[in-house]
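Novice: Before anything else, here's the structure in question.
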Amino acid sequence: MALIHTTGIHHVRLTVTDLARSRQFYSDVLGFQVAAESPGDVDDPAVRSDPDQLYGGVVFAANGVLFGLRPVAKAGDRFDSERVGLDHVSFTVASRDELTQAMDRLDRHGVEHGEIKDLAAFGIAILSFHDPDGVNLELTASL
């Protein structure tokens with residue numbers, strides 16, 4: 001049987017509880033640019049189930065990867081990395097110095113984060129933090 005030859009990740013979409021809060025986090029804190037936004041009312045159940053209307057959400061362009069938010073989770077729900085599914089999302093930055101700059105930016109926005117951790121065996125350094133729904137995020141740089 002032949003392998004499926006993928007050429008990369010096309011997009012990632014996260015389910016969120018509060019679209020406005022998450023949109024602000026990803027655009028203001030991480031600096032992602034909006035590529036597309038649903039024209040529909042997020043409170044309309046027909047919109048929330050329609051892929052043509054982006055499920056009522058927003059899609060960001062993040063250096064060649066599309067990153068979407070789908071506002072269908074119930075208020076008060078929280079991400080749990082120990083359930084089946086997503087563990088974390090890691091975004092690449094150009095250098096370890098950019099991790100330091102990102103740490104300063106997160107501080108300015110009041111976003112709690114870990115320390116920069118070198119994972120020499122993998123040739124990377126990481127900076128971990130969470131989005132407003134508790135999704136584990138990382139910034140990763142080559143050492």
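The values are calculated or read from the model by the stated rules, or taken from the named source; none is laboratory data. What you see is a predicted model, and the numbers here were worked out from it, not measured in a lab. All Cβ positions, even for glycine, are placed from backbone atoms using ideal geometry, and neighbour counts span all protein chains on display. For the accessible areas, the whole protein counts, side chains as well, though only heavy atoms, and no ligand, DNA or RNA atoms are used. Shrake-Rupley method; radii C 1.70, N 1.55, O 1.52, S 1.80 Å.
Novice: Compute the angle between helix 96-108 and the longest alpha-carbon principal axis of the chain, please, reported from 0 to 90 degrees and rounded to the nearest 10.
Specialist: Here the helix axis deviates by roughly 50 degrees.
Novice: Okay, moving on. Expected output is a single nm value to one decimal: the length gained when fully extending between Val34 and His88, i.e. 0.36 nm times separation in residues minus the C-alpha distance. What is it?
Specialist: This chain segment gains 17.3 nm when fully extended.
Novice: With every protein chain present, what accessible area does His130 have (1.4 Å probe, heavy atoms only), rounded to the nearest 10 Å²?
Specialist: Ignoring ligands and nucleic acids, His130 comes out at about 100 Å².
Novice: Further question on the same structure: Let me have the 222 nm mean residue ellipticity of the chain computed from DSSP H runs of 4+ only, each contributing -39500 (n - 2.57), with the sum over all residues rounded to the nearest 500.
Specialist: Result for the chain: -4000 deg cm²/dmol, rounded to the nearest 500.
Novice: Same structure again: Given a cut-off of under 8 Å on Cα pairs at least six residues apart, what relative contact order in percent is computed for the chain?
Specialist: Rounded, it is 22 percent for the chain.
Novice: Let me check I've understood the local charge: for Thr92, count other residues with C-beta under 11 angstrom from its C-beta, Lys and Arg +1, Asp and Glu -1. What total comes out?
Specialist: Taking every other residue near Thr92 into account, the sum is -2.
Novice: Keeping the other protein chains in place, figure out the carbon and sulfur percent of the accessible area of the chain, with a 1.4 Å probe.
Specialist: The computed percentage sits at 51.
Novice: What is the dipole size for segment 62-133, taken about its Cα centre, with +1 at each Lys and Arg Cβ and -1 at each Asp and Glu Cβ, in debye to the nearest 20?
Specialist: Its charge dipole is roughly 240 debye.
Novice: Where nothing but the Cβ of Lys and Arg (+1) and of Asp and Glu (-1) is charged, how large is the charge dipole of the chain around its Cα centre, in debye to the nearest 20?
Specialist: 200
Novice: Apply the Kirkwood formula to segment 7-91: the hydrodynamic radius equals the inverse of the mean of 1/r over all pairs of different alpha-carbon atoms; give it in Å with one decimal.
Specialist: Kirkwood radius, segment 7-91: 13.5 Å.
Novice: Now a separate question. Counting Lys and Arg as +1 and Asp and Glu as -1, what is the net charge of the other residues whose Cβ lies under 15 Å from the Cβ of Met103?
Specialist: Result for the local shell: -4.
Novice: With the contact rule set at Cα under 8 Å and sequence spacing of 6 or more, what percent relative contact order holds for segment 48-128?
Specialist: 14
Novice: With every protein chain left in place, what is the accessible area per residue of segment 33-143 in square angstrom, probe 1.4 Å?
Specialist: Spelled out: the 1.4 Å probe surface of segment 33-143, per residue, equals 60 Å².
Novice: For Rg/Rh (Cα atoms, Kirkwood Rh), the choices are (i) 0.99; (ii) 0.93; (iii) 1.02; which was calculated from the structure?
Specialist: (i)
Novice: Heavy atoms of the protein only, probe of 1.4 Å, neighbouring chains included. What is the accessible area of Glu115 in Å², nearest 10?
Specialist: Approximately 140 Å² of Glu115 is accessible to the 1.4 Å probe.
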